1. Determine the calculated [θ] at 222 nm for the protein assembly as shown from helices alone, applying -39500 (n - 2.57) to every DSSP H run no shorter than 4 residues and normalising by the residue count; nearest 500 deg cm²/dmol.
2. Between the helical axis of B:465-495 and the dominant principal axis of chain B, each derived from Cα atoms, what acute angle in degrees is found, rounded to the nearest 10?
3. Starting from the Cα coordinates of the protein assembly as shown, work out the convex hull volume and express it per residue in Å³.
4. Starting at the first residue of segment B:666-677, write each ³J(HN,Hα) from the Karplus equation 6.51 cos²θ - 1.76 cosθ + 1.60 with θ = phi - 60°, in whole Hz, x for Gly and Pro.
5. Provide B:705, B:662, B:360 ordered by accessible surface of protein heavy atoms (probe 1.4 Å), highest first.
6. In Å³ and rounded to a whole number, note down the convex hull volume per residue for the Cα atoms of segment B:396-499.
7. Can you give me the three principal axis dimensions of chain B from its C-alpha atoms, in Å, biggest first?
8. Treating only the Cβ of Lys, Arg, Asp and Glu as charged (+1, +1, -1, -1), what charge dipole size does the protein assembly as shown show about its Cα centre? Round to the nearest 20 debye.
Amino acid sequence: MTTSQIIVILGGLALTIFIAWYFWFAPKAQTRAAVSESGAQEVAVTVKGGYTPDVIVVQKGRPVRLTFTRHESSACSEKVLFPDFNQNALLPEGEQVTLEFTPDKAGEFGFQCQMGMLRGKLIVE
Amino acid sequence: MKIHDPVCGMEIDPKNAFAKREHMGQTFYFCSQSCVDQFDKNPHNYVTTSATTGFNPERTLTRIELPVSGAPLKEHSTHLESALRALEGVGEAKVNRNSGRLEVQYDAQKVDVTRLVNAVKSTGFQVGVANVKIGIENLRCASCVKFIEDELKSTQGVLNATVNIGTQEATVDYLPQKATLSQLNAAIETWGYKPRPATSDEPMDKQEEAHAREYRRLMNMFWFAAIVSLPVLLFAYPQYVPVIRDLSMETIRWAWIISAVVTLPVLFYSGQDFFTGAWASLKHRSANMNTLIALGTGAAWLYSSVAILFPAIFPEGTSEPFYDVVAVVIALVVLGQALELRAKGQSSSAIKKLLGLQAKTARVIRDGQEMDLPIEEVLVGDVIQVRPGEKVPVDGVIVEGSSAVDESMLTGESLPVSKKKGDEVIGATLNKTGAFKFRATKVGKDTALAQIVKMVQDAQNSKAPIARLADTVSGYFVPVVMILAVWTFVIWFNFGPQPQLVYGLVTSVTVLIIACPCALGLATPMSLMVGIGKGAEHGILIRSGEALQTARALNTVVLDKTGTITKGKPELTDVVTSDQSTVNSNQLLKLAASVEKVSEHPLAQAIVEGAQARKLELAEVKNFDAIPGHGVSANVEGQNILIGNLKLMNRENIVLGELEEKSKSLADDGKTPMFIALDGKAAGIIAVADTVKEDSAEAIAVLQKMGIEVVMITGDNRRTAEAIARKVGVTRVLAEVLPEDKANNIHLLQAEGKKVAMVGDGINDAPALAQADVGLAIGTGTDVAIEASDITLIKGSLKGVVTAIEVSRATMTNIYQNLFGAFIYNTLGVPVAMGALFPFFGLLLSPLIAGAAMAFSSVTVVGNANRLRGFKPKFSAR
């Protein structure tokens, strides 16, 4: 086995570990919803190739107001769905769309575009 | 006629006046410029009023009608009236309790509409104020904001107006009685701005527009990539192309360098979505299709560029570029996305069809004036005129006139329904014969149609449990493919044939490109969307993907008897005359119906309707007497008549003879017999019964043929229940079940290991509907959004149950096909791309083919979902 072959194998191993760590094991940044004067937990989410922020922490039993603004025309992200709360909204490009609901159960709930290419997580505490 | 200049007091002739002004409904004439200027500074000062009361009896009062709502009008209307009369300048205030309108006469100079509205609100009522957003094009100067706001506020009927320069929108609160949208637009136009043609709030239209724009954008990107691909492709395989084959190596190298340059804009224009998308998701520590395409094409371009710039660092024969992969793959995938978008547009056609049922305008009568208004401007409380052949614009109650209305689009009732004053009409139904006026009770998103649309849309976007599987897989899918690509390279590099570097790179790029997480992600939602839409087209509102999935596995259907299998309303079934009767059956029915017309008993109604159906004329009744628990007695056409049960006949000592036997057999058939005696002699029996819907038996037979056990549940006695069950072919009957025990009975069936559907009316059967695996509610009219049910059958027929199960089975089959296809595609495609076939057949996939396969796999999924649009239920074919 030549040196270059060994280097390629080691490189492959390192890349594999990096990919697994980066996508699965590294901790993700969480955004805690701010409570507004009206008592609702408000978060503004930008939609462009993904949801920013994509991990949102909210409290149970208090209304959540998520304002989505989509900054791309790709049809993939034209809808956002919260299947666990039976909520969905059409996001016309450049328009602010507000989704409001009260999470009545605690846990981690995904939200996503219609075909699941863009994903986020709503953590209800 | 001479009049006075209001400023200087000079007497002038209006015809020769220097200028003329109109203010607050009064006209003023002026002698000179200076008088006009003085007036213009403060026109209010010159309006003539009585000095003592502040109320000018000479002037005609302004009259306004305001729709009010909120507190119950009956009790509080005097309070409301006096609160308004207390305002200075208000002449008369009167509440019309029937129409829910407040009529105020006021002096516009002393009090304005805003204060009237505030006074109404202070008494706890709400005023029907319309709120509208109007877009303003090219609004740039901040100072114009104020001008437009003032102009809008000074428009008659406008309560408040704000203009937001950021959103380029004016938000206006106005009284629809006084102003229309076109007047508001006109106010904006006076400042030289163009109101955006009343932006359609219809999300469907917007989405369609956005899709059309996106399609054009994708196609532009595709054509650009495709045009660049052609020469790049030719120079990528110089040995196969006739003329290029003969060019010198030097020329070809230059062609490659040019290829490197021209494929860059392909990457960053046609492939922009992949790169921005990949970067965005990378930042979120996630990966998707964009990541794979960006990595694949990016790696191909980088490798090629290094290979042609520094051929020396690569082993002999490996310094060939493959820019063709970059251009062609991007062109194909973009084309795939464009086709997918087009196919998606067709998937949502059901909603479009539903929305298409709606009328566009309504002929509203406000202040005695008929006007055509867009349907969005119709308010609750408006009186709307509908002529024959027109659509009913919103939901409401008829206040004048009568007609027959075709409600088939919403209720499935094929015969037009006759409507008179006080009857409910539903928006989107078609008025057939007469003209009528109705008062709107539900508008906008509250109408039955809007609720149906909302329900269908929500369901289309919900998730079937099966989709969770695809979700879990796709969460790991992309990183796994990336790791596989890495190891493909490592293996080809270490163990592959020469040139190893090229093989390693090409195969790992192919792996990245062929993997298609999109097909997985699309598999369920697309079919769900078409399937639920298809259900809606046939009057079946499926509330969620979960309900749809469960309905497929049903093997027991429990039907409530009253109102579900039967019409839920007694009907005349038999008229039997006794042997010694002096009258024939029609005469008997006529006499009985004449008496029952006076009675208020529910069964009486059935007899009267039965007589009317036979076109019998009813006679006059004297000495009517109801005998509680027994029946009635009366005198008709000189005969004493008794109608009632056995107890009544026994009490009156009437010999029944063979009638007693007949009544027993009628009762065995589930009917309710009533004896009739004329002048003390038994004359016959009239029987009524809750009759079975015409198509119940047929629907039940089909369900049984589908392998589903049909069970009937009812609170009725066993004899009646079994009579009905025999008629419709049901063998298992749960009779004499108390309403509160229905849910428990469903539970018992479930304990037998069955997947149970309950079909009932949504109100009495709510607990049972909720207990069942799938609850189907029969809802008609405006009462469509039935909470307890998973599926609502708006057409009232049991055939809907069959169609619902059929839709569910067809959709789920389609979803399985899609998921299977997507899984198989990826589990076969990826290993082949890695070179699994190479050791045996020497077969290796070109990245170009991989790109094509990937692009069309997702198109295939959407296309397969669209096949569902051809779904035909068993029954509509007949």
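The values are calculated or read from the model by the stated rules, or taken from the named source; none is laboratory data. Worth saying up front: this structure is predicted, and the values here are computed from it rather than measured. Note: ideal-geometry Cβ built from the backbone for every residue, glycine included; neighbour counts use all protein chains shown. Please note that ligands, DNA and RNA were not included when accessible areas were found on the heavy atoms of the full protein model with its side chains. Shrake-Rupley method; radii C 1.70, N 1.55, O 1.52, S 1.80 Å.
1. Helices in the protein assembly as shown give a 222 nm mean residue ellipticity of -13500 deg cm²/dmol.
2. Its long axis makes an angle of about 0 degrees.
3. In the protein assembly as shown, the Cα convex hull volume per residue is 262 Å³.
4. The phi angles translate into 5, 5, 4, 7, x, 9, 10, x, 10, 7, 10, 10 Hz.
5. B:705, B:360, B:662
6. Cα-based convex hull of segment B:396-499, divided per residue, equals 196 Å³.
7. 122, 103, 42
8. With Lys and Arg at +1 and Asp and Glu at -1, about 1260 debye.
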